[in-house]
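Below: one structure, written as structure tokens.
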Amino acid sequence: MGPLLNQIKMWLKHPQLWSFVRFASAVLGLLCYALSSSFNSLFGKWNMLKTFLYCVFSFIICTAVLFIKVSHGPGSLRLKAHLAFLVLMITSFYSFYFDKAVNGKPDAYSIASCAAFAVMFLGLSRHSNCGFELDLLYFFLAALTIQLTRIKWVFGILGACYSYALIMIHSGLDAQQGANGYHGVPEEPHVIQVDPPESLLNSSITQDSAITQVDSHSQEVNNDFALIKPGLLSSLKALKKQNRKLLGLLYGQSLMEPFDLDDNLLIDMLPCEIINNINETFKMALAAGYEKECCHLYSNCRREFLQQFLSELELKHTREDHNVFITHNILSWNRTFKIALRVLFLYERRLCDRVFFGFSSVGDLSFVLACKELTTHLLNFVNTIVVDIRSPLAMFRRVVSMFEELNDMITELESLFPDQAGVSLRNDAIKARRRLGETIRDVFKNLENLIHCDSAIADVPGGIEPITCDVMNCLGAIVRVMPMIEKAFKEYPTTTCPSFPAKIAWMIELLENHLEAKYKIYTGTSLDYVAMMNNTMYIKLETLKHFPSARFMDFGRVKRYSFAEILGDNWIQKHTGEFQKNLEDYQRSSWDEVLGLLKLDNNNESLAKDVAIESMKEKLKLFNIQFEEICCTQSKWFVSYEIRKEIIVSVENMLLPAYGSFVGRLQDVLGKASYDYIQYGMLEIKARLNRLFLGGKRMSR
């Protein structure tokens, strides 16, 4: 029975329950009274005017009892006395006319209305202390008992029992309030559990005790703090109301670029009266030795504000695209952490200094407890991101930006939490930064794995492979943040740590070897050389690009780096030589046999003229067939504009002179009859060559 009784007591203290009881009792009482014989005896029969006035009166009463706020009563005792006198006169006149007008036994509606009105005023006594609630409660209980006695004296005993029950409920609840030294139901502060440093609080606070800290607080301290607590809760509640203004300002500013908000503006927005009231109340409590209680009440209040701020800028969970999701969250993290460190925590620090003026040690502890949860949440997000990134290379620049931001933020954390209380936060920040640094350090390892895991079959026949674009884009991102990469390598070295240029050169060489192995399936078709030219030209163009480095400043201007500066001229020359070799191999593979058909055998004079003519006809026929096949096949291939131009020029320089000489010799021998065998003129040959490598566009003859 004990737990059940405790549960009932907790139930009866719930303000929302009494709000419902008051409203339901008011509706029932007014409805029953309107239907009772007492109303007809006092006011006569119903008409339109009476109905309208009674509806208005009922609406006002129901609204008042439903939305009444917690009150300690009027500030003036004289006003309180006048209200009590006014109620006394109203009830006296009502009793006089009621006794005079009503004869005989009352009906059920009259009895029900009295019982309902008694419950309504019992509920009002829980939320208001204007001086007349109890008087009206006793009045309606007396009226109920008298009316029941008129019916039968046994019913009078039931009325007395009902009256006794309501009075005992009121006295029991009033006794619990008196133990707290507080009338009305205070709003309980929102509690966010954070395990405080054990050495600072001198006790280990479990999760259950942290959640029920405010409810059990009045039982753990003596009556002195119990008298102070209501005023302190009231001041903290006033401080909470100001949070809405601050959150609106912070959220609006957070959407602007760049973010620029002074913490002085936030502290100036708080009314001095609120801060002074909290300070004066804390002075009394701290002077009495209640540092722990004050610290918890205040830090719980401020944690709620910081939690609301975090929810306003909450990291979104849109999963339409994983990389978009990660990018959005990293950008939100950067922005939230900056606002927290450079505005919010500075504001909380200044607020603690003013609230706990003269008690700096309690203020320092309250500040750490208030800010610890938000800081820990933001630092834990780093670990979550490192684990959640599916492709470290795709998110490499974002990871570097977090590493760079956290590098600056650690210094700010040290300045905000310089004492022993902030050591754990600084250590957490250092560990988070180490996770990011190790992820950056392993970028070349991840890049190597990416190359090894690439498909052995070409994805784009003859074109630029996706792996080439991915690797060069990643290397470009590495070059952009080269100073931060070198810093990560120095702070978190591996067993083997070659120079930065050597790593870049080795990674490109590994990519090219992978491409050569991939294109062996095209051996004998010349497509392998075209594909290598495509990819090596792309690599060359990427290496000649300049990338701005955000952290390297050169005479006030952003210094730019390129692969060429990192790798050196020798590497560029070597790479250019490889491209020329691929071009020569392409010419030999595609056009050497065709050029062999156009060679003129001037030294073989032993052949008869007819035999020589037939030989030239046969060679020209084979040339036309092979030239047509090459043009049809290679017109479907695609190369970049630079490569296409260079290939066509080299082929023209080879083919056009040989073809012109061959056709000229044939015309000398056959005359006009040679046109029966000549399928292409010089301009047609050139036009067909200009249509090579257009990616499948049709050739017009």
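The values are calculated or read from the model by the stated rules, or taken from the named source; none is laboratory data. Model, not experiment: these values are computed from the prediction. Glycine gets a Cβ as well: all are built from the backbone with ideal geometry, and neighbour counts include every protein chain shown.
In this structure, is Ala458 modelled with pLDDT under 85, closer than 30 Å to Thr536 by Cα, surrounded by fewer than 21 Cβ atoms within 10 Å (Cβ to Cβ) and hydrophobic (A, V, I, L, M, F, W, C)? Criteria met by Ala458.
Set side by side, the residues Val479, Val471 differ, and just one is surrounded by 17 or more Cβ atoms within 10 Å (Cβ to Cβ), in the same structural domain as Glu565 (by TED's automatic domain parsing) and in contact with a Phe, Trp or Tyr (Cβ under 9 Å, 6 or more places away or on another chain), which is Val479.
Screening the stretch 386-422 for residues that are over 21 Å from Leu369 (Cβ atoms) and not in a helix (DSSP H, G or I) and picking the one that is modelled with the highest pLDDT gives Met395. Taking residues in the stretch 265-289 that are within 23 Å of Ser361 (Cβ to Cβ) and in contact (Cβ under 8 Å) with a residue 60 or more places away in the chain, and partners anywhere that are surrounded by fewer than 17 Cβ atoms within 10 Å (Cβ to Cβ) and acidic (Asp, Glu), the pairs with Cβ atoms closer than 8 Å and at least 6 places apart or on different chains are Ala288/Asp224.
The residue that is surrounded by the fewest Cβ atoms within 10 Å (Cβ to Cβ), counting only those in the stretch 420-451 that are touching a Leu at 6+ places or on another chain (Cβ under 9 Å) and in contact (Cβ under 8 Å) with a residue 60 or more places away in the chain, is Gln420.
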